[in-house]
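Peer 1: Right, I'll just put the structure down here and ask away after.
Readers should treat all values here as calculations from the given coordinates under stated rules, not as data from a laboratory. Source: prediction; values computed, not measured. Because the Cβ atoms are built from the backbone with ideal geometry, glycine has one as well, and the counts that use them run over all protein chains shown.
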Amino acid sequence: MEDRDFRSELHFSASRSSGPGGQHVNKVSTKMELRFHVASSELLSDAEKELIAEKLGARINAAGELVLVSQSERSQLQNREKVTEKFYTLLARALTPRKKRTPTRPSRASKEERLEVKRQQSEKKERRRL
């Protein structure tokens, strides 16, 4: 994912962070918001766009933009780096195909162990009735 350069398609905006921080938080715009328009991206194939829309649908707004926010750091630059890193991580996770599960059967020993535990439980409850 890192081999593609999405920088031209990413749009950043800064605003004032919420939360504690006193006077600094009230006068400095350190919160960074990243917007990426999935449908108009030239670096993604149609299949990849569908996958992203399916897996990251909750983070995509009505305008079709993937919106990510970072406000944990005290500097705008650090928050920008953090939100960019978050973007690449999310994109990589969304585009990585899920590993197919190979069906397995319970072993004979595990079946017997389960039945033994059930038998003991049953006996315990049976003794309570007496």
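Peer 1: Taking the alpha-carbon distance from Lys118 and a cut-off under 15 Å, which aspartates and glutamates remain once sequence neighbours fewer than 8 residues away in the same chain are dropped?
Peer 2: Glu126
Peer 1: If you compute percent of Cα pairs over 26 Å apart for the structure shown, which of (i) 25; (ii) 50; (iii) 13 do you land on?
Peer 2: Label (ii) holds the value from this structure.
Peer 1: Now, a different point. What list of ³J(HN,Hα) values in whole Hz, one per residue of segment 95-107 in order, does the Karplus curve 6.51 cos²θ - 1.76 cosθ + 1.60 (θ = phi - 60°) give from phi, with Gly and Pro shown as x?
Peer 2: 8, 7, x, 6, 6, 6, 7, 8, x, 10, 10, x, 6
Peer 1: About the Cα centre, and with charges only on the beta carbon of Lys, Arg (+1) and Asp, Glu (-1), how big is the dipole of segment 7-95? Nearest 20 debye, please.
Peer 2: The dipole of segment 7-95 has a size of about 540 debye.
Peer 1: Another question, if that's okay. Would you please put 67-75, 5-13 in order of how densely packed they are, using the mean number of other Cβ atoms within 10 angstrom per residue and starting with the highest?
Peer 2: Top of the packing list down: 67-75, 5-13.
Peer 1: Moving to a separate point now. Helix-derived [θ] at 222 nm for the chain: sum -39500 (n - 2.57) over DSSP H runs of at least 4, divide by residue count, nearest 500? All intermediate terms of the calculation are to be shown ahead of the outcome.
Peer 2: Values: 4 runs with 57 residues, N = 130.
Result for the chain, helices only: -14000 deg cm²/dmol.
Peer 1: In addition: Mind ranking 118-127, 53-62, 30-39 by how tightly packed they are, going by the mean number of other C-beta atoms within 10 angstrom, highest first? Write down the numbers at each step before the final one.
Peer 2: Values: 118-127: 9.5, 53-62: 11.4, 30-39: 18.8.
Top to bottom by mean Cβ count within 10 Å: 30-39, 53-62, 118-127.
Peer 1: Let me ask another. In terms of modelled amide H atoms, which long-range or inter-chain residues lie less than 5 Å from the amide H of Ser41?
Peer 2: Under 5 Å from the amide H of Ser41: no residue qualifies.
Peer 1: Sticking with this one: For segment 7-95, what number of Lys pairs, 8 or more residues apart or on separate chains, have alpha-carbon atoms under 24 Å from each other?
Peer 2: Details: Lys27/Lys82; Lys31/Lys82; Lys31/Lys86; Lys49/Lys82; Lys49/Lys86; Lys55/Lys82; Lys55/Lys86.
Number of lysine pairs found: 7.
Peer 1: Taking the Cβ-Cβ separation of Arg93 and Arg127 as r and a Förster radius of 41 Å, what is the calculated FRET efficiency to the nearest 0.05?
Peer 2: The formula returns an efficiency of 0.20 here.
Peer 1: As I understand it, the dipole of the chain uses +1 on the Cβ of Lys and Arg and -1 on the Cβ of Asp and Glu, about the Cα centre. Which of Ala14, Leu95, Thr30 lies farthest toward its positive end?
Peer 2: Leu95
Peer 1: If you don't mind, there's one more thing I want to ask. Mind giving me the FRET efficiency for Glu9 and Gln78? R0 is 25 Å, r the Cβ-Cβ distance, nearest 0.05 is fine.
Peer 2: 0.70
Peer 1: Further question on the same structure: Run the dipole for segment 53-115 about the Cα centre, Lys and Arg Cβ at +1, Asp and Glu Cβ at -1, nothing else charged, and hand back the magnitude in debye, nearest 20.
Peer 2: Dipole size: approximately 500 debye.
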